[in-house]
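Beneath this line is the structure, given in structure tokens, with notes to follow.
The values are calculated or read from the model by the stated rules, or taken from the named source; none is laboratory data. Being a predicted model, the structure only gives us computed values, none of them experimental. Please note: Cβ atoms are built from the backbone with ideal geometry, for glycine as well, and neighbour counts cover all protein chains shown.
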Amino acid sequence: MEDRHVSLPEFNQLFGLSDDVDRAYFAVFDGHGGVDAANYAATHLHINVALHKEILKNPTEALKGSFQQTDEMFLFKAERERLRSGTTGVSALIVGNRLHIAWVGDSQVMLVQQGKAVTLMEPHKPEREDERMRIEALGGCVTYMDCWRVNGTLAVSRAIGDIYQKPYISGNADGNSFELTGSEDYLLLACDGFFDAIRPYDVVDLVLDHLKQSQGDGLKAAERLVAAAKENGSSDNITVLVVFLRDPRDLLADCLGDPKSLRADEGAEDSPFNFFSSEMNNQSDSHTTTKS
């Protein structure tokens, strides 16, 4: 397990975007059947996003299109190298005052706003009625054996890779866009190993409890969430990424009713985004977090 902090993702600088709009990119990939697909997606997806023709005008479309492009690129590699792996994934791109998200599979992103959990998406699972109908329309078979499975082999319905399960496992992403008003506390991106064990509204209490114990230090917030998922019985790999959109000390101060009590270093320069991630690997599959 490790906890990482990056003060300011430099998406614009990395890709030579010279306008005055702040951008930050975050993603979590949950691999299965090996590490190749997850590592490939973590390496290439954000590059495809930055180079997408819609990146300036329609960032959500750029995210969605880049999932499909990355899937096509990896399938070419998988056929050449006889790779069978796949990966679910969820990405978030903050552009100015808007949040753009896209996803394939059952990794998820959620928002906490003024202490309330906000649902942003519905994960792709074979038991979803529209996913089941899509798979069956293609001639696939969705059966129930301990968990929902596609053709008896995988418990996902959309992913990058999985060359031998196409087209039943689709690489087409869903996406959405939301306005940020400044009242948002933090984003949380995580794989199913976390969300299968922790309910979204429990995330709020766990993070707040951590901030109380740490006196407003968010550094170990992701690690605390991973530990909670393990305590609740998760035996899957667990990856959690927390992006504070407000200073964690301010969040705690608001809770305590004293907005100045934790800001002794008021003169210090703060970054627009605080990024924390933590991973716990319990199996041989791959979980990868990325930022830029």
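Of note:
- A Cβ distance below 9 Å, combined with a sequence gap of six or more or placement on separate chains, defines the contacts here; from segment 95-107, residues that are over 19 Å from ASN12 (Cβ atoms) reach residues that are part of a loop (DSSP other than H, G, I, E, B) and among the acidic types (Asp, Glu) in the pairs ASP106/ASP196.
Listed here are the residues, each with its yes/no results for (1) more than 28 Å from PHE195 (Cα to Cα); (2) surrounded by fewer than 17 Cβ atoms within 10 Å (Cβ to Cβ); (3) among the small types (Gly, Ala, Ser); (4) at pLDDT 95 or above.
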{"residue": "ARG23", "(1), (2), (3), (4)": "no, no, no, no"}
{"residue": "GLY65", "(1), (2), (3), (4)": "no, no, yes, yes"}
{"residue": "THR87", "(1), (2), (3), (4)": "no, no, no, yes"}
{"residue": "VAL104", "(1), (2), (3), (4)": "no, no, no, yes"}
{"residue": "VAL109", "(1), (2), (3), (4)": "no, no, no, yes"}
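- Scanning segment 246-254 turns up at least one residue that is out of contact with any helix residue (DSSP H, G or I) (no Cβ under 6 Å at 6 or more places or on another chain) and surrounded by 20 or more Cβ atoms within 10 Å (Cβ to Cβ).
- Residue among TYR201, TYR186 that is among the hydroxyl-bearing types (Ser, Thr, Tyr) and at pLDDT 95 or above: TYR186
- The condition of being at pLDDT below 90 and more than 23 Å from SER234 (Cα to Cα) holds for only one of ASN176, ASN151, that being ASN151.
- Residue in segment 157-176 that is touching a helix residue (DSSP H, G or I) at 6+ places or on another chain (Cβ under 7 Å), farther than 30 Å from GLY140 by Cβ and either touching a residue at least 12 places away in the same chain (Cβ under 8 Å) or surrounded by fewer than 24 Cβ atoms within 10 Å (Cβ to Cβ) (or both) present: no
- Any hit, segment 137-145, residues being at pLDDT 95 or above and either buried (at least 23 other Cβ atoms within 10 Å of the Cβ) or not small (Gly, Ala, Ser) (or both): no
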